[in-house]
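Here the structure is laid out as structure tokens; the discussion comes afterwards.
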Amino acid sequence: VWADALTCRRGVLTMARLPKATHSGKLKFANVPCFVLEDGRRVISGRGMTSAIGMRGRGQGVTRIAGHPSIKGHLNNDLVMAIQTPIKFAGIGGRETDGFEATILNDLCEAILTARDAGELKTEQEKRYAKYADMVTRALAKVGIISLVDEATGYQDIRARRALEEILDK
């Protein structure tokens, strides 16, 4: 199935094929919509990324936080580029959706925590971002090492389907 979108390049409208989500779900820890695209990329929706770091509002929050005066100095160029150019893809129902490579969540959390460690986060809102970023980073690290051990030992073939998510929720 092809998902098409109109794009405008140099004043000419063309049809562009959007990558299609083949799988979708939600990460329970922050009610984060996530997808696997047909090319294998793991993607978190813009709104999911926003909610994971404790922001309130819409998907553009990730872009807003990337421009935040206390945080933007801690973002590397690749992260800035990834945030400024979200992945457009066709969701399970075919609807065009914006998202970010799932690893961007960890990179964004690291930048927020670096700003916190530098003493640059002052407001309650900024401190909330750091609190969420810390929780996400620690949880992902724990699940990461468990999944690596499971993969190295072959245990991932017999563990319960949602076992890692349950560990993450704790």
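Would you mind checking which residues have amide H under 5 Å from Val32's amide H? H placed 1.01 Å from N; only 5 or more apart, or other chain.
Close amide H contacts, sequence-distant or interchain: Leu27.
So, in nm, how far is label Arg162 from label Asn76 when the simple model puts each one 7 Å beyond its Cα toward the Cβ?
Here the answer is 3.5 nm between the modelled labels.
Placing +1 on the Cβ of each Lys and Arg and -1 on the Cβ of each Asp and Glu in the chain, which of Val80, Met55, Gly99 has its Cα farthest towards the positive end of the resulting dipole?
Among Val80, Met55, Gly99, the one farthest towards the positive end of the dipole of the chain is Met55.
Please label the shape of the range 81-128 as rounded, prolate or oblate, based on the square roots a ≥ b ≥ c of the eigenvalues of the alpha-carbon gyration tensor (a/c under 1.5 means rounded; beyond that, a/b larger than b/c means prolate, else oblate).
prolate
Each residue of the range 23-38 in order: what ³J(HN,Hα) in whole Hz does its phi give by Karplus 6.51 cos²θ - 1.76 cosθ + 1.60, θ = phi - 60°, with x for Gly and Pro?
9, 9, x, 9, 7, 5, 4, 9, 6, 9, x, 9, 9, 10, 8, 4
What percentage of the solvent-accessible surface of the chain, computed with a 1.4 Å probe over protein heavy atoms, is contributed by carbon and sulfur atoms?
53 percent
Residues of the range 38-170: accessible area per residue at 1.4 Å, in Å²?
Using a 1.4 Å probe on heavy atoms only, each residue of the range 38-170 averages 59 Å².
With charges set only on the Cβ (+1 for Lys and Arg, -1 for Asp and Glu), what does the dipole of the range 68-170 come to about its Cα centre, in debye to the nearest 20?
Dipole size: approximately 300 debye.
Over 30 Å between Cα atoms: which of Lys88/Lys122; Lys28/Lys72; Lys26/Lys131 fall into that group?
Violating the 30 Å limit, Cα to Cα: Lys88/Lys122.
The values are calculated or read from the model by the stated rules, or taken from the named source; none is laboratory data. Predicted model, so just to flag it, every value in this text is computed and none were measured. Using ideal geometry, Cβ is built from the backbone for each residue, glycine included, and neighbour counts are taken over all protein chains shown. Areas reflect the complete protein model, heavy atoms only, side chains present, ligands, DNA and RNA absent. Shrake-Rupley method; radii C 1.70, N 1.55, O 1.52, S 1.80 Å.
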